[in-house]
1. With respect to GLY47, determine if the residue is surrounded by 15 or more Cβ atoms within 10 Å (Cβ to Cβ) and not acidic (Asp, Glu).
2. For the stretch 75-93, state whether one or more residues are in contact (Cβ under 8 Å) with a residue 24 or more places away in the chain and part of a strand (DSSP E or B).
3. Could you look through the stretch 121-154, keep only residues that are of a type in the set (Asp, Glu) and assigned to a strand (DSSP E or B), and pick out the one that is farthest from ARG33 (Cα to Cα)?
4. With respect to the numbered conditions (1) under 27 Å from ARG33 (Cβ atoms); (2) modelled with pLDDT of 90 or more; (3) not small (Gly, Ala, Ser), which one is the sole condition not fulfilled by PRO105?
5. What tally of residues in the stretch 29-64 results from selecting those that are more than 18 Å from HIS115 (Cβ to Cβ) and assigned to a strand (DSSP E or B)?
6. Could you figure out which of (1) out of contact with any helix residue (DSSP H, G or I) (no Cβ under 8 Å at 6 or more places or on another chain); (2) closer than 20 Å to GLY47 by Cα; (3) surrounded by 13 or more Cβ atoms within 10 Å (Cβ to Cβ) isn't true of ASN90?
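The values are calculated or read from the model by the stated rules, or taken from the named source; none is laboratory data. Not measured: the values here are computed from a predicted model. Cβ placement follows ideal geometry from the backbone for every residue including glycine, while neighbour counts extend to all protein chains displayed.
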Amino acid sequence: MKKLCRFTMLCLALAAFSGAEQPNRAPGEPRRRFRFEALEVTIDTAGQPLAAYQFELMATRGDVKIVGIEGGGSPAFAAPPYYDPAALQNRRIIIAALATGDDLPAGRTRVARLHMHVEGDAEPDYAIRLHVAAAPGGQRIPAIISIEGKGGPQ
């Protein structure tokens, strides 16, 4: 799965820099500008160990598609989180992960990096909602989720 995601990102990057024609563009229609940006998703558990999470990300403004998802900065969440592959290329996605090891992060930790394809010059805006954060054993814990990226902190 990681190799497929890297291959997809490589193909998108090559298309962006090679001047490849954009699909669904009528002859004579000007090229639409686009760029890629990464969003860093962090969860702060105020010192409690984080064993599981689920969140929802929505693009509330801008022509945005999710084109890739990476894991987080902690060894416990280094693997890409779970998501519905059909949700890629949409403006909304639910992402979740579960860690069963002993090296659980506590405090503020990056749990995922989302790669976005942004059309046009308008700055996108995002909304994020934490559905659940849990400690080992499944007990809910209070936590704060945030995103940072080229679109600015949320």
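1. No.
2. For the stretch 75-93, residues in contact (Cβ under 8 Å) with a residue 24 or more places away in the chain and part of a strand (DSSP E or B): present.
3. In this case the residue turns out to be GLU148.
4. Here PRO105 clears every test but (1).
5. Here the count works out to 12.
6. (2)
To keep it simple, each residue is scored yes or no on (1) more than 16 Å from ASP63 (Cα to Cα); (2) over 20 Å from the mean Cα position of the chain (by Cα); (3) at pLDDT below 95; (4) surrounded by fewer than 18 Cβ atoms within 10 Å (Cβ to Cβ).
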site: VAL111; (1), (2), (3), (4): yes, no, no, no
site: ASP125; (1), (2), (3), (4): no, no, yes, yes
site: PRO142; (1), (2), (3), (4): yes, yes, no, yes
site: GLY152; (1), (2), (3), (4): yes, no, yes, yes
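Yes or no, residue by residue, for (1) surrounded by fewer than 17 Cβ atoms within 10 Å (Cβ to Cβ); (2) touching a strand residue (DSSP E or B) at 6+ places or on another chain (Cβ under 8 Å); (3) among the hydroxyl-bearing types (Ser, Thr, Tyr):
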site: GLY101; (1), (2), (3): yes, no, no
site: LEU104; (1), (2), (3): no, yes, no
site: MET116; (1), (2), (3): no, yes, no
site: ALA122; (1), (2), (3): yes, yes, no
site: GLN139; (1), (2), (3): yes, no, no
site: GLY149; (1), (2), (3): no, yes, no
